[in-house]
Structures are given as structure tokens and as C-alpha cells.
């Protein structure tokens, strides 16, 4: 009879497991991940793993969408084919992690350390990687660099925008829109001579492509930036002259500027 008692208890325990709410399986997966550092293919969506120590963990194919891994230690972790879409990895350490095949759409990697991490080409194109450590600019495509400049411009971070557009130009020197974009970001910062040079060079690129209309507009805008209007009566008016010239130049370039600030598809 004792055996029957054990069997009855086992069956009762199994019934209890089957009656657990949906979230129980996820909770079990989280506990397993933390204790064993191994949970291949586990469903860890929306899991709270802030500051978790997951060094050398095996999480191949894990479903980590929207999980919070901010500040987690994932050095050497195997995250191949893992879905990290919209996951927060802000400030996380991923040194030497294997992220080949990982899905990184909307992933927050700001201030994360990816030194030595293995990544597919273009894997970061749809993630927030601009403040990520350990990533060489050579790992990014021209489109990624140009689009990073657009995002910085939209946020009003014009020095950062200039940096990213410069990097895009280094990757693709004949990309006229990046020269225009950098010229506009420099003008926003008051670096007028450099802005004018960028616009004139962009004009030469458009002219070489046979687009004389854009080339003429860019050259006129550059001239406006360098030749402010006559001083108004009273005071030196230097600031207002420069602002007025810049506004006129920007108005002239508005259609091209709008095109320039559209993200480049990958």
C-alpha cells in the first residue's frame, strides 16, 4: 500500500503541475536559467533578469523578446539564434558572447560592452547600438552609419550627427546625401565655412551624376551661408545676419534636406 500512496501522490503532483497558470512555466525557465545557466530554446519573454550573472550560459534559440537584461553579465554566453527583439541589454556585458543568428530588432544595446562578441554582418542595423562599447565602425554598413546620423539629428544632437555622417562619408565618399546631411549638421552648429564646403562638394557630386538642378541649389545655399545680408541699422547685427542667411539657405534646400533625412533601407 505504501507504493500506492507514493503513486497517488505522484499523480496528484502531476495534476497540480497541469493546473498551474501559464506563467509558471516561464518562472521555471527563469529559475533554471539563473541556477544552471543553461536553457536552450526556453521561453523567457518579458523575463526580469536585471543584473543577472549569466556568464558562459547556453541560451541558444532562447525566446527573450522584451526581457529586461539591463546590466546583466553575459560574457561568453551562447546566444546563437536567440530572439532578443525589443530586449533591454542596456549596460550589459556581452564580451565574447556568440550572437550569430540572433534577432536584434529594436534591441537596446546602449552602453553595453560587445568587445570580442561574434555578430553577423549588419546584425545591429535595427538595434539601438550608438553608445555600445567594443564595436568597430568597420562592422557597420554605410546605411547604418548614415541612419545613426539621422537619428542624432532628429534628437537635436548635431555634434553626434556630424560624427556619424563623417563616418558614413568615410565608408562611401561619393554618397552625396551624406555630404549634404553633414553640411546641414555643421550649419546647425554655426560651423559655416565647413558647412559651405560640404554643400559645394555635394553639388559637385550631383553635377557628376547629371543632376544640375540639385547642384545649382547646393551651390546657391553655400553662397548664402558665406555671404550674409547687409547689416541692419543699429548694432552690428552679425548674429541675426547669419541666422537669416542660414534660414534662407535651409529653405532653398528644404526638399533635398527632407530626402536626405529619410532613413536608408537596408
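The values are calculated or read from the model by the stated rules, or taken from the named source; none is laboratory data. Since this is a predicted model, take the numbers as computed values, not measurements. Ideal geometry is used to build each Cβ from the backbone, glycine not excepted, and the neighbour counts take in all protein chains shown.
On the basis of being closer than 30 Å to residue 106 by Cβ, in contact with a helix residue (DSSP H, G or I) (Cβ under 8 Å, 6 or more places away or on another chain), in a helix (DSSP H, G or I) and at pLDDT below 90, does residue 153 make the cut?
Values: closer than 30 Å to residue 106 by Cβ: yes; in contact with a helix residue (DSSP H, G or I) (Cβ under 8 Å, 6 or more places away or on another chain): yes; in a helix (DSSP H, G or I): yes; at pLDDT below 90: yes.
Criteria met by residue 153.
Across the stretch 58-89, which residue is surrounded by the fewest Cβ atoms within 10 Å (Cβ to Cβ) among those that are within 19 Å of the chain's Cα centre (by Cα) and not in a loop (DSSP other than H, G, I, E, B)? Show your work before the answer.
We begin by selecting, within the stretch 58-89, every residue within 19 Å of the chain's Cα centre (by Cα); these are 64-71, 82-89.
Now restrict to residues that are not in a loop (DSSP other than H, G, I, E, B): 68, 83, 88.
Values: 68: 19, 83: 21, 88: 22.
That would be 68.
Do we have any residue at all in the stretch 157-176 that's assigned to a loop (DSSP other than H, G, I, E, B) and closer than 24 Å to residue 88 by Cα?
Yes: the stretch 157-176 contains one or more residues that are assigned to a loop (DSSP other than H, G, I, E, B) and closer than 24 Å to residue 88 by Cα.
Among 202, 246, which is touching a helix residue (DSSP H, G or I) at 6+ places or on another chain (Cβ under 8 Å) and modelled with pLDDT under 90? Give the steps one after another, and end with the answer.
Working: 202 fails: modelled with pLDDT under 90.
The conditions single out 246.
Give the number of residues within the stretch 163-202 that are crowded, with 24+ Cβ neighbours inside 10 Å and within 22 Å of residue 127 (Cβ to Cβ).
Final tally of qualifying residues: 5.
Would it be correct to say that residue 145 is part of a loop (DSSP other than H, G, I, E, B) and either at pLDDT 80 or above or touching a helix residue (DSSP H, G or I) at 6+ places or on another chain (Cβ under 6 Å) (or both)?
no
Determine, yes or no, whether residue 116 is out of contact with any strand residue (DSSP E or B) (no Cβ under 9 Å at 6 or more places or on another chain) and either farther than 19 Å from residue 62 by Cβ or in contact (Cβ under 8 Å) with a residue 60 or more places away in the chain (or both). Steps first, please.
On the way: out of contact with any strand residue (DSSP E or B) (no Cβ under 9 Å at 6 or more places or on another chain): yes; either farther than 19 Å from residue 62 by Cβ or in contact (Cβ under 8 Å) with a residue 60 or more places away in the chain (or both): yes.
Yes; evaluated as a whole, the condition is true for this residue.
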